[in-house]
1. Scan region 113-133 residue by residue and report those that are in a loop (DSSP other than H, G, I, E, B) and free of Cβ contacts under 8 Å to residues at least 24 places away in the same chain.
2. Quick one: which residue in SER87, SER13, SER30 is small (Gly, Ala, Ser), modelled with pLDDT under 95 and under 17 Å from the mean Cα position of the chain (by Cα)?
3. Would you check if LEU79 is over 23 Å from CYS235 (Cβ atoms), buried (at least 21 other Cβ atoms within 10 Å of the Cβ), touching a strand residue (DSSP E or B) at 6+ places or on another chain (Cβ under 6 Å) and touching a residue at least 24 places away in the same chain (Cβ under 8 Å)?
4. Considering each residue of region 203-242, count those that are touching a residue at least 24 places away in the same chain (Cβ under 8 Å) and open to solvent by less than 30 Å² (accessible area, probe 1.4 Å), and give that number.
5. Name the single residue that is modelled with the lowest pLDDT among those in region 143-166 being open to solvent by less than 10 Å² (accessible area, probe 1.4 Å) and assigned to a helix (DSSP H, G or I).
6. For the condition surrounded by fewer than 18 Cβ atoms within 10 Å (Cβ to Cβ) and touching a residue at least 40 places away in the same chain (Cβ under 8 Å), what is the one hit in LYS55, LYS37, LYS73?
7. Can you find even one residue in region 192-210 that is closer than 23 Å to GLY61 by Cα, modelled with pLDDT under 95 and not in a loop (DSSP other than H, G, I, E, B)?
8. Scan region 20-59 residue by residue and report those that are over 18 Å from THR98 (Cβ atoms), in a helix (DSSP H, G or I) and not hydrophobic (A, V, I, L, M, F, W, C).
Amino acid sequence: MSEQTTPVNVDPSEIDKFSQLAHKWWDEESEFKPLHKINPLRLQYIDGYAQLNGKKVVDVGCGGGILTEALTKTGATTLGVDLAEKSLKIAQLHALETELQNVSYRCVSVEDLAAEQAGLYDVVTCMEMMEHVPDPASVIRSCAELAKDGGWVFFSTINRNPKAYAQTIVAAEYIMGLLPRGTHDYKKFVTPAEMARMCRQAGLEIVNFTGFTFNPLTNVYSLCDSIDVNYMAACRKTALVL
């Protein structure tokens, strides 16, 4: 059962969308195939900066736990949080089936968790969530609050421009069928400039932007310098800017 009755920063249609797909989270040939493909790249990027072994980590918007489990396997102690209860049940079941230790899950908003556990985490990750919430700035502020001073915070999302629309919606959803139609709402995409501004206002210093690229001929994802479409941000928590 959810730990709050009136979530302040959630789109019910987004929760319903992912709840309907919850049973497919760990099927690597399902709609979540792209997440499985990019997960090693996400982990490589995060671990390269944060040195995860022995760290206390919270994975915000964890879904079925694909990244959460990978973070834990590096030697981190990891909490995954989400508001889609069906997805969390899948995550919990998979952790039990694989006998994975040092991982737990909670159905709680990032805002409520930040009010409860401010400054307790070495590393905060929030991947592929920003483009699914009404107020991304609130998510960024809460992620910053969860991090210790000097801690690492990582985000990933989709840029908002014609190229991103063509690749992530037209091509991925309607032509190639890599994602279900309606997965993304172009208006909710976040530009790197907007991300940088929201991070700065939350007391986060952006250390790096890195992009993803996909080769449809080889079906291989890679990290790249271009942040025109999908991108990640590595941030350090500094003093809050007033």
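1. Taking region 113-133 first, the residues in a loop (DSSP other than H, G, I, E, B) are 118-120, 128-129, 133.
The answer is none; no residue qualifies.
2. On the way: SER13 fails: under 17 Å from the mean Cα position of the chain (by Cα); SER30 fails: under 17 Å from the mean Cα position of the chain (by Cα).
Step by step, each of SER87, SER13, SER30 is checked, and only SER87 is small (Gly, Ala, Ser), modelled with pLDDT under 95 and under 17 Å from the mean Cα position of the chain (by Cα).
3. Values: over 23 Å from CYS235 (Cβ atoms): no; buried (at least 21 other Cβ atoms within 10 Å of the Cβ): yes; touching a strand residue (DSSP E or B) at 6+ places or on another chain (Cβ under 6 Å): yes; touching a residue at least 24 places away in the same chain (Cβ under 8 Å): yes.
Criteria not met by LEU79.
4. Matching residues across region 203-242 total 10.
5. Taking region 143-166 first, the residues open to solvent by less than 10 Å² (accessible area, probe 1.4 Å) are 143-144, 146-147, 151, 153-158, 164.
Imposing the further condition that a residue be assigned to a helix (DSSP H, G or I) reduces the set to 143-144, 146, 164.
Numbers: CYS143: 98, ALA144: 98, LEU146: 98, ALA164: 75.
Selected residue: ALA164.
6. Working: LYS55 fails: surrounded by fewer than 18 Cβ atoms within 10 Å (Cβ to Cβ); LYS73 fails: touching a residue at least 40 places away in the same chain (Cβ under 8 Å).
The unique qualifying residue is LYS37.
7. Pass one, region 192-210, residues closer than 23 Å to GLY61 by Cα: 192-210.
Adding the requirement that they be modelled with pLDDT under 95 leaves none.
No, every residue in region 192-210 fails to be closer than 23 Å to GLY61 by Cα, modelled with pLDDT under 95 and not in a loop (DSSP other than H, G, I, E, B).
8. Residues satisfying the conditions are GLN20, LYS33, PRO34, LYS37, ARG42, GLN44, TYR45, ASP47, GLY48, TYR49.
The values are calculated or read from the model by the stated rules, or taken from the named source; none is laboratory data. Please read all numbers here as calculations on a predicted model, not as lab measurements. All Cβ positions, even for glycine, are placed from backbone atoms using ideal geometry, and neighbour counts span all protein chains on display. Only protein heavy atoms, including side chains, enter the accessible area calculation; ligands, DNA and RNA are left aside. Shrake-Rupley method; radii C 1.70, N 1.55, O 1.52, S 1.80 Å.
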